[in-house]
C-alpha cells in the first residue's frame, strides 16, 4: 500500500477505537461467557438484535449517559428479553452489572491502546469523529478523555441519518471545509464506513477485525489493516 497524502482524518468510533475492530456483539458475548450465562450463541445474537432495535425504537439512552450507563441499560434489555423468552430463569442486577463492567473494562483497555495514536495524529491533522451511536457519544468520549482529539463530532442519533448513508461522512468533510480527496476515513466496517466514504472520494483505511457475519470476515480491501496502531505508518506524516 502506498503512503497516503491527506489534510484531515475522520474516525469512526464504535469498533474502530473501542474494541480493536471486533464487532461489539463479540465483546458482549465474551462478557456473557465470563459471567457464566448458559445460553447458545444463536440465542445471544437474537437478544442482541432485539436490544439494538429497542434502543432505536425508544430513547432509553440519554445524552449524558456514560458508556457504562449505556451498557447497563443495554444489558438489562438483553437479559430481560432472555427471561421473557424463557431462555434464562432470572436476570438479577448483579448479572447485568457483571457483564456491563466486563465490557466497559474491555473498551477502556482498547481506548488506552488507541490513545497514543490519536494523540499523534490529532497533533498533525484536524480530526472529526463520525459515528452511528445512541445520542450520547460526546459523553462517552469525555468519559474516556477522547473528546479533545476531535474538532467535531457527527452522530447519527443527533443528525437523523445513519451510516451507510454517506451523508454522515459528507457532513464530516464539510465541517472542516476540505475536499473529500484530502480526507482519510478510518473505520472497522467495510459496508458502513469504507464503501460510503469511498463513494464521496475520500481516502480510506479499513481496520479489519471479527465482524458480524462470515461474509464480512471473508471480504478484503486494498487499504486494509488489522490495528489502529498501523494508521500512522500508512500516512505521509
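What does the stretch 82-157 give for Rg and for Dmax, in Å, if only its C-alpha atoms count?
Answer for the stretch 82-157, Rg first and Dmax second: 16.8, 54 Å.
Picking from 87, 190, 17, which is most flexible by a Gaussian network model of the chain using Cα springs under 10 Å?
Ranking 87, 190, 17 by mean-square fluctuation puts 87 first.
Normalised by the residues of the stretch 24-106, what does the relative contact order come to in percent, with Cα pairs under 8 Å and at least six apart?
Numbers: 59 pairs, mean separation 35.4, N = 83.
Once divided by the residue count of the stretch 24-106, the mean separation gives 43 percent.
Tell me the Kirkwood radius of the stretch 98-234: reciprocal of the mean inverse pair distance over distinct alpha-carbon atoms, in Å. If you can, show how the numbers build up before the last one.
Working: mean 1/r = 0.0635 Å⁻¹.
Value: 15.8 Å, from the Cα pair sum.
What percent does the relative contact order of the chain come to when contacts are Cα pairs within less than 8 Å and at least six residues apart?
So the answer I get is 30 percent.
Enter the Cα centre distance for the pair the stretch 78-149 and the stretch 4-28, rounded to the nearest angstrom.
Distance between centres, Cα-based: 12 Å.
Quick check: convex hull of the Cα atoms in the stretch 24-106, volume per residue, rounded to a whole Å³? Don't jump to the answer; show the numbers that get you there.
Working: hull volume 7.1 nm³, N = 83.
Spelled out: Cα convex hull of the stretch 24-106, divided by residues, is 86 Å³.
Only Cα pairs within less than 10 Å get springs; with that Gaussian network setup on the chain, which residue of 203, 41, 74 has the largest fluctuation?
The residue that fluctuates most here is 41.
State the dimensionless ratio Rg/Rh of the chain (Rg: radius of gyration of Cα atoms; Rh: Kirkwood radius). Walk me through the numbers before you get to the answer.
On the way: Rg = 17.9 Å, Rh = 18.3 Å.
On the Cα set of the chain, Rg over Rh gives 0.98.
In what order do 207, 88 fall by count of nearby beta-carbon atoms within 10 Å, going from fewest to most? Before the final figure, lay out the partial values.
Numbers: 207 24, 88 18.
Listed from fewest to most nearby Cβ atoms, that is 88, 207.
Bear in mind that the values in this text are calculations on the coordinates, not laboratory data. Source: prediction; values computed, not measured. Glycine gets a Cβ as well: all are built from the backbone with ideal geometry, and neighbour counts include every protein chain shown.
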